[in-house]
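Novice: One structure, pasted below without further comment.
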Amino acid sequence: MNLPTTDSPLLWGDKRFHTWNTEMRGVFDEKVFKVMLDAGFTCPNRDGTIARGGCTFCSARGSGDFAGKRRDDLVTQFNDIRDKQHLKWPQAKYIGYFQAYTNTYAPVEELREYYEVILEQPGVVGLSIATRPDCLPDDVIEYLAELNERTYLWVEMGLQTVHDSTSELINRAHDTQCFIDAVEKLRKRNIRVCAHIIYGLPQETHEMMLETGRAVSKMDVQGIKIHLLHLMKGTPMVRQYEAGLLRFLEQDEYIKLIVDTLEMLPPEMIVHRLTGDAPRKLLIGPMWSMKKWEVLNGIDAELKSRDSWQGKYWRNA
């Protein structure tokens, strides 16, 4: 039987989970938002270094569909995305988010040029760098450790699943141990790690998805992003869908999976994201994912109806 870690709900503001927004206001005492950037990288499983075609779920923009335009320089991208987000949050600070493709897949000298120019922009308080666990050589780790000493830094790494059979099916081209090893290297230098996982991957059962969430809850990572699988036009996964390997999750099913996972996560782990969206013109399904706030409100309602919260059962996960 799962036993609660406390007798009363843990709250972060008005939420029953440790939100990114709450954490940022605690650290910086004001609103902070990420400015999504495309620095022109590729990935080793796209260019033939270890594989070709990329992850089967990944769009042509390398999961950076809402990032700045690749043809623009980084400062232009930064200003454009920042100004659009200021329409929603007029007063805020910024974290430069290197989002598209694999953002440590280049020589250190090149990485330094990209990261430093964003750190120089007014109002920037830190960086968030999305990458793969197989693209963190020692010299890159050393530079990241240097950055970590002088700015607020996150390294966001795609795990997606702990099931190597699924990883092979979606062409991740690395296994779970590779991710675990990369986390260990980063944490030795006190670098914050955010693990990305996806619910709804081909042929994964409800329990398989929860096994991934449970595994992350026990890792030395400081943040998590849980993505709903979006099937987008032009991705290799369309062929897997047509072959019957993929079933779209239902909205209520996904909400319950998220709450089951939150209950297993340690209370100190920061939840960067619980769902997401895809460009409407590219999305094949699930179409309910376009109602992002309905999904988030559903998660809040499920937590309240269960009288539950993040970490309620994490010691027993």
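The values are calculated or read from the model by the stated rules, or taken from the named source; none is laboratory data. Keep in mind the model is a prediction, meaning the values are calculated, not measured. Cβ sites come from the backbone with ideal geometry, for glycine too, and all protein chains shown count toward neighbours. Just the protein is used for accessible areas: all its heavy atoms, side chains included, with ligands, DNA and RNA removed. Shrake-Rupley method; radii C 1.70, N 1.55, O 1.52, S 1.80 Å.
Novice: Which residues, counting only those in the range 98-117, are surrounded by 15 or more Cβ atoms within 10 Å (Cβ to Cβ), modelled with pLDDT of 95 or more and not β-branched (Val, Ile, Thr)?
Specialist: Scanning the range 98-117 gives Phe98, Asn103, Tyr105, Ala106, Leu111, Tyr114, Tyr115.
Novice: Just for the range 46-59: of the residues that are surrounded by fewer than 22 Cβ atoms within 10 Å (Cβ to Cβ) and in a loop (DSSP other than H, G, I, E, B), which one is modelled with the lowest pLDDT?
Specialist: Here the residue is Ser59.
Novice: I'd like to verify a number: residues in the range 246-301 that are basic (Lys, Arg) and in contact with a helix residue (DSSP H, G or I) (Cβ under 7 Å, 6 or more places away or on another chain), how many?
Specialist: 2
Novice: Here's another thing I want to ask about it. Only residues that are acidic (Asp, Glu) and either over 20 Å from the mean Cα position of the chain (by Cα) or more than 29 Å from Asp80 (Cα to Cα) (or both): list them for the range 11-49, please.
Specialist: Answer for the range 11-49, where residues must be acidic (Asp, Glu) and either over 20 Å from the mean Cα position of the chain (by Cα) or more than 29 Å from Asp80 (Cα to Cα) (or both): Asp14, Asp29, Glu30, Asp47.
Novice: For the condition under 30 Å from Gly53 (Cα atoms), surrounded by fewer than 21 Cβ atoms within 10 Å (Cβ to Cβ) and small (Gly, Ala, Ser), what is the one hit in Ser165, Ser128?
Specialist: Sole residue among the options that is under 30 Å from Gly53 (Cα atoms), surrounded by fewer than 21 Cβ atoms within 10 Å (Cβ to Cβ) and small (Gly, Ala, Ser): Ser165.
Novice: Just give me the residues in the range 131-140 being surrounded by fewer than 20 Cβ atoms within 10 Å (Cβ to Cβ) and charged (D, E, K, R), in sequence order.
Specialist: Residues satisfying the conditions are Asp138, Asp139.
Novice: For Ser128, work out the one condition from (1) polar (S, T, N, Q); (2) at pLDDT below 95; (3) closer than 28 Å to Ile95 by Cβ it doesn't fulfil.
Specialist: (2)
Novice: Can you tell me which residue is nearest to the chain's Cα centre (by Cα) among those in the range 115-130 that are assigned to a strand (DSSP E or B) and over 13 Å from Gln99 (Cβ atoms)?
Specialist: Only one residue tops the list, namely Gly126.
Novice: What is the one condition in (1) in a helix (DSSP H, G or I); (2) at pLDDT below 90; (3) open to solvent by less than 20 Å² (accessible area, probe 1.4 Å) that Gly62 does not satisfy?
Specialist: Status for Gly62: all satisfied but (1).
Novice: Against the definition (in contact with a helix residue (DSSP H, G or I) (Cβ under 6 Å, 6 or more places away or on another chain) and surrounded by fewer than 21 Cβ atoms within 10 Å (Cβ to Cβ)), how does Ile197 come out, yes or no?
Specialist: yes
Novice: Among Ile81, Ile95, which is the only one that is open to solvent by less than 40 Å² (accessible area, probe 1.4 Å), of a type in the set (A, V, I, L, M) and in contact (Cβ under 8 Å) with a residue 60 or more places away in the chain?
Specialist: Being open to solvent by less than 40 Å² (accessible area, probe 1.4 Å), of a type in the set (A, V, I, L, M) and in contact (Cβ under 8 Å) with a residue 60 or more places away in the chain holds for just one of Ile81, Ile95, which is Ile95.
Novice: Which one is nearest to Ile255 (Cα to Cα), of the residues in the range 5-58 that are among the small types (Gly, Ala, Ser) and touching a residue at least 24 places away in the same chain (Cβ under 8 Å)?
Specialist: Gly54
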